[in-house]
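Visitor: My structure is below; once you've seen it, I'll send some questions.
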Amino acid sequence: MKNAPTYEPAAVEARWQRLWEERHVNEPDVDRPRRPFYNLMMFPYPSAEGLHVGNMFAFTGADIYGRFKRLAGYDVFEPIGFDAFGIHSENYALSIGAHPAKLIPQNIATFRRQLRRFGGMFDWRHELSTTDPRYYKWTQWLFLQFFKAGLAFRKRAAVNWCPACKTVLANEQVINGYCERHPDVRVEQRFLEQWFFAITRYAERLLRNLDALDWSESTVAMQRNWIGRSEGAELAFETPGGAVITVFTTRPDTVFGATYMVLAPEHPLVDELTADEQRPVVNAYRREVQTKDIVSRKVGEKTKTGVFLGSYARNPATGEAIPVWIADYVLMEYGTGAIMAVPAHDERDFEFAQQFKLPIVQVVRLQGQALPIVSEEGVLMHSGQFNGLTCRDGAQRIVQWLAGKGLAKAQVQYRLHDWCISRQRYWGPPIPIIHCDRCGPVGVPEKDLPVELPFIEDFRPDDTGVSPLARHREWYFVKCPQCGALGRRETDVSDTFLDSAWYFLRYPSTEFDDRPWDPQRTKTWLPVTTYIGGNEHAVLHLLYSRFVTMALRELGHLHFEEPFPKLRAHGLIIKDGAKMSKSRGNVVIPDAYIQKWGADTVRMYLMFLGPFQEGGDFRDEGITGIRRFLDKVWALAHEAAAAKARPLPPAVEQKLHQTIKKVTADTESLNYNTAIAAMMEYVNEVRSADCGVRSAMEPLLVLLAPYAPHLAEELWGALGHGETIFTAPWPGYDDRIAAGGDVEIAVQVNGKLRGLINVPRGTSQDDVVKRALADAGIRKFVDGKPLRKVVYVQDRLVNLVV
RNA sequence: GCCCGGGUGGCGAAACUGGUAGACGCAUGGGACUUAAAAUCCCAUGGGAGGCAACUCCCGUGCAGGUUCGAAUCCUGCCCUGGGCACCA
């Protein structure tokens with residue numbers, strides 16, 4: 001022990017990172033694995049600041065799981081890549097006056113270095129970047145498949161427009177109605193022709209399949225929420241001029257209480273239904289609404305505004321004429337863009353009716369409740385032949401009745417919208433479409449893919465509202481593939497979420513340039529065995545990936561429809577009580593910590609902060625505890641290398657079996673913090689028993705290998721093993737040894753702990769009570785009173801009730 | 001407003017299915033080693049009261065109730081906090 005070398009992580013880690021690469025340790029046989037295990041983590045966006053501890057936390061947690069499975073005998077494929085297209089990169093490049101095409105490769109190089117340094121078990125042969133033409137060729141191919149299948153289509157849609165940036169903004173870039181880069185410029189609404197993917201066609205399946213997925217509950221809940229299924233009915237309100245206003249409602253039972261109607265200001269029937277004397281007011285209101293951006297219209301001021309169109313529609317239940325209004329609290333993109341307003345039973349309608357003095361008719365009675373009564377627990381009134389029915393029965397009967405007259409049908413509505421994939425930006429894959437005056441939009445022939453993103457020195461958006469790509473004349477004008485006439489390329493690029501919606505399909509097949517994914521490889525590795533990532537992608541990324549997979553399956557390109565049968569969401573690393581972000585200036589870059597303490601220590605420290613699936617608070621203080629632990633393991637292993645073999649004392653042996661059991665279970669369930677605590681307890685035990693021998697240390701090193709891979713490798717070698725530790729078997733345990741011979745039983749009197757006794761495992765209740773009553777300290781509380789009841793939990797506790 | 005989490009020592013956190021609350025680690029205090037410091041090692045550490053002492057007792061898991069022999073854990077109501085959604089008809 002005297003001559004043990006000191007633990008120098010930097011040297012150990014560099015050595016093993018080199019050896020892993022030289023010996024291809026982390027590269028499974030992708031063609032003929034015996035037990036394939038696809039261990040996927042969400043790939044990073046390579047920011048200019050470099051990988052931060054939040055990334056490292058996520059990757060470490062995923063990597064531990066992959067290494068654990070490797071030790072359990074699987075051929076683990078653990079790829080990594082870069083999600084490098086997108087507005088983020090582009091805006092950052094703009095802000096520092098650089099070009100993303102130059103910036104991104106630098107960022108990726110930094111990330112690559114950091115990812116190697118922390119010791120991830122990555123198969124670098126299969127690295128990918130979404131900005132690589134070899135990758136986005138297939139992103140474009142995917143678009144074409146959807147286009148051919150009618151799943152990609154064009155539609156005019158409202159977008160956020162910043163008059164200062166002179167470009168379209170994503171919803172996330174609008175902060176309370178103002179541009180994120182121009183805090184004093186109000187964002188406006190513009191209508192542009194956009195490309196959409198028909199995700200809503202899969203709404204029901206996306207929802208239904210959730211039941212069968214092994215996912216974190218919170219993630220499932222968010223997806224359910226987002227899809228937002230609601231059952232109700234479509235009702236028809238006829239107008240004197242012959243036009244029919246169709247509304248969606250979840251409360252057809254309240255139709256007798258519909259005293260007015262509201263259309264979204266953009267509703268196509270507005271012109272037709274506007275009376276001449278109201279036209280000036282109506283037009284003024286519509287203009288006003290248009291200058292509001294979409295986000296602030298939804299989130300901002302909640303005071304209701306609206307104007308009367310000057311015309312009426314017939315309530316299909318009462319037959320009465322009710323006024324038709326427009327108001328911006330009704331949204332064109334949900335339902336039919338029109339509602340029947342039932343002020344007595346809807347808070348929004350109630351507020352609106354009060355403000356504009358519209359009639360309020362109560363049709364649901366519920367004891368002790370004041371209007372508006374929103375609950376569905378009540379009983380119908382003022383509803384003709386339906387009086388006295390419960391809301392639920394009433395709804396059904398009323399829809400039936402109106403359906404008989406052709407004025408209603410049951411309807412399911414989703415909140416989910418079709419996915420707008422157009423971006424009037426530069427830094428993304430060009431949408432592979434050529435517009436021809438004769439043929440319309442024509443797909444670029446697959447043999448001409450990729451449509452390479454041309455290098456444009458000035459990629460800044462201009463005030464035309466057209467993507468910068470339109471300025472590149474020799475790129476922009478191109479022959480129509482169908483008729484040969486002069487056409488124009490689509491100048492929008494696609495959403496970054498499309499890049500990431502299929503990357504997991506590409507990883508196993510990165511070396512093929514003639515197919516997006518190889519059928520054999522895909523059959524071998526997919527669907528992904530375990531996917532680990534952050535809940536910030538609970539909705540968009542995961543939903544889009546599921547949709548793309550589902551659609552590809554239907555088009556015959558895949559053999560499965562759910563890409564991620566098992567998903568676990570990790571928590572968030574907090575710093576100084578707040579989420580890490582550049583704007584708060586509390587982003588921690590791990591490099592300095594790794595340099596000072598070693599990657600193994602930082603990995604374990606991050607995992608020890610708290611439960612992996614909940615996250616933790618990053619502080620510098622605790623890290624020494626982990627390093628001390630690894631120093632002890634280092635010393636003990638070197639001691640063991642020199643020591644003679646001798647049997648383990650029973651207490652150490654028992655602790656060893658308990659530790660193997662706990663670390664196995666906790667690692668499988670991603671409870672890394674408690675697994676680490678268990679290993680610490682074991683090391684404390686070995687030290688206090690002064691028993692640093694091979695049989696005590698070898699199993700520990702294997703348990704530790706997923707957490708501190710470099711150190712485990714080094715010490716495994718020091719104990720004389722020539723092979724990597726990752727070929728060793730995961731240690732087993734014997735439950736009987738773990739349980740041990742004697743047990744300590746808690747003795748309670750009237751539920752309060754009064755003493756502890758030691759008895760052999762399996763002692764009967766009578767004997768335990770006898771032993772307990774023999775103890776003076778316990779008898780004192782029983783105090784001669786008769787035993788009323790005895791509760792005995794085998795080998796744990798006895799409660800004497802007196 | 002709606003849907004998920006979470007509230008436990010000075011701090012990060014443990015606690016199986018209701019069964020010894022605070023494992024493990026940090027920090028702190030004391031001691032050993034050292035000329036000294038660092039490192040390392042040993043001991044103590046939820047709060048309070050009593051005792052020279054080994055020790056003994058009381059209180060304690062956001063708050064107020066309840067169920068139970070027994071509640072951090074289950075139930076009811078409330079408070080605080082993190083996240084998601086948000087005029088979705």
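The values are calculated or read from the model by the stated rules, or taken from the named source; none is laboratory data. What you are looking at is a predicted structure, and each value in this text was computed from that prediction instead of being measured. So basically every Cβ, Gly included, is an ideal-geometry build from the backbone, and we count neighbours across all protein chains shown. Ligands, DNA and RNA are stripped out before the accessible areas are found, and what is left, the full protein with its side chains, is counted by its heavy atoms. Shrake-Rupley method; radii C 1.70, N 1.55, O 1.52, S 1.80 Å.
Visitor: From A:Ile745, A:Ile737, A:Ile778, which residue is under 46 Å from the mean Cα position of the chain (by Cα) and in a helix (DSSP H, G or I)?
Guide: A:Ile737
Visitor: Which members of the range A:678-703 meet the condition of being away from RNA strand B (no atom under 13 Å from the Cβ) and either open to solvent by 10 Å² or more (accessible area, probe 1.4 Å) or aromatic (Phe, Trp, Tyr) (or both)?
Guide: Selection gives A:Arg694, A:Ser695, A:Glu698, A:Pro699.
Visitor: Additional query: Looking at (1) surrounded by fewer than 18 Cβ atoms within 10 Å (Cβ to Cβ); (2) touching a Leu at 6+ places or on another chain (Cβ under 8 Å); (3) part of a helix (DSSP H, G or I), can you tell me which one A:Arg392 breaks?
Guide: That leaves (2) as the condition not met.
Visitor: Within the group A:Val307, A:Val324, A:Val363, which residue is in contact with a His (Cβ under 6 Å, 6 or more places away or on another chain) and either charged (D, E, K, R) or open to solvent by less than 40 Å² (accessible area, probe 1.4 Å) (or both)?
Guide: One residue alone meets the criteria, A:Val363.
Visitor: In addition: Considering A:Ala675, A:Ala569, A:Ala592, which residue is open to solvent by less than 30 Å² (accessible area, probe 1.4 Å) and assigned to a helix (DSSP H, G or I)? Please lay out each step first, then the result.
Guide: On the way: A:Ala569 fails: assigned to a helix (DSSP H, G or I); A:Ala592 fails: open to solvent by less than 30 Å² (accessible area, probe 1.4 Å).
Result: A:Ala675 is the single residue among A:Ala675, A:Ala569, A:Ala592 that is open to solvent by less than 30 Å² (accessible area, probe 1.4 Å) and assigned to a helix (DSSP H, G or I).
Visitor: Right, next: In this structure, does A:Glu347 turn out to be in contact (Cβ under 8 Å) with a residue 12 or more places away in the chain and either under 26 Å from A:His417 (Cα atoms) or more than 11 Å from RNA strand B (Cβ to nearest atom) (or both)?
Guide: yes
Visitor: Further question: Residue under question is A:Pro372, and the condition is that it be at pLDDT 90 or above and either at negative phi or not in a helix (DSSP H, G or I) (or both); does it hold?
Guide: No.
Visitor: One residue is enough: does the range A:782-792 have a residue meeting the conditions within 10 Å of RNA strand B (Cβ to nearest atom) and among the small types (Gly, Ala, Ser)?
Guide: no
Visitor: When only residues in the range A:612-629 that are within 12 Å of A:Ala58 (Cα to Cα) and open to solvent by 30 Å² or more (accessible area, probe 1.4 Å) count, which is modelled with the lowest pLDDT?
Guide: A:Glu614
Visitor: Within 15 Å of RNA strand B (Cβ to nearest atom), assigned by TED's automatic domain parsing to the domain that holds A:Ser695 and exposed (fewer than 15 other Cβ atoms within 10 Å of the Cβ): is that true of A:Arg646 in this structure?
Guide: Judged against the criteria, A:Arg646 is not a match.
Visitor: Further question: What is the residue count in the range A:620-643 for residues that are within 13 Å of RNA strand B (Cβ to nearest atom) and either within 26 Å of A:Gly740 (Cα to Cα) or among the aromatic types (Phe, Trp, Tyr) (or both)?
Guide: Counting residues in the range A:620-643 that are within 13 Å of RNA strand B (Cβ to nearest atom) and either within 26 Å of A:Gly740 (Cα to Cα) or among the aromatic types (Phe, Trp, Tyr) (or both) gives 4.
Matching residues to (1) in contact (Cβ under 8 Å) with a residue 12 or more places away in the chain; (2) within 15 Å of RNA strand B (Cβ to nearest atom):
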| position | (1), (2) |
| --- | --- |
| A:Arg553 | no, no |
| A:Phe560 | yes, no |
| A:Phe564 | yes, no |
| A:Glu614 | yes, yes |
| A:Asp617 | yes, yes |
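Visitor: Here's a follow-up. Cβ contacts < 9 Å: first residue assigned by TED's automatic domain parsing to the domain that holds A:Val451, restricted to the range A:469-487; second residue of a type in the set (Gly, Ala, Ser) and surrounded by fewer than 16 Cβ atoms within 10 Å (Cβ to Cβ), any location; separation 6+ or different chain. Result?
Guide: Here the result reads A:Lys479/A:Ala485, each pair linking the range A:469-487 to a residue that is of a type in the set (Gly, Ala, Ser) and surrounded by fewer than 16 Cβ atoms within 10 Å (Cβ to Cβ).
Visitor: Of the residues A:Asp437, A:Asp492, A:Asp462, which is surrounded by fewer than 23 Cβ atoms within 10 Å (Cβ to Cβ), touching a residue at least 60 places away in the same chain (Cβ under 8 Å) and of a type in the set (Asp, Glu)?
Guide: After ruling out the rest, the residue left standing is A:Asp462.
Visitor: Can you report the number of residues in the range A:440-459 which are in contact (Cβ under 8 Å) with a residue 24 or more places away in the chain and part of a loop (DSSP other than H, G, I, E, B)? Break it down into steps so the answer makes sense when it comes.
Guide: Kept after step one, since they are in contact (Cβ under 8 Å) with a residue 24 or more places away in the chain, are these residues of the range A:440-459: A:441-446, A:448-453, A:455-457, A:459.
Cutting the leftovers down to part of a loop (DSSP other than H, G, I, E, B) gives us A:444-445, A:449-453, A:455-457, A:459.
Summing the residues that are in contact (Cβ under 8 Å) with a residue 24 or more places away in the chain and part of a loop (DSSP other than H, G, I, E, B) in the range A:440-459 gives 11.
Visitor: Hey, any hits in the range A:595-604 for a residue that's within 16 Å of RNA strand B (Cβ to nearest atom), open to solvent by 10 Å² or more (accessible area, probe 1.4 Å) and of a type in the set (Ser, Thr, Tyr)?
Guide: Step one: list which residues in the range A:595-604 are within 16 Å of RNA strand B (Cβ to nearest atom), which gives A:596-598, A:600-604.
Subsequent filtering for residues that are open to solvent by 10 Å² or more (accessible area, probe 1.4 Å) retains A:596-597.
Now drop any that are not of a type in the set (Ser, Thr, Tyr), which leaves none.
No, the conditions are met nowhere in the range A:595-604.
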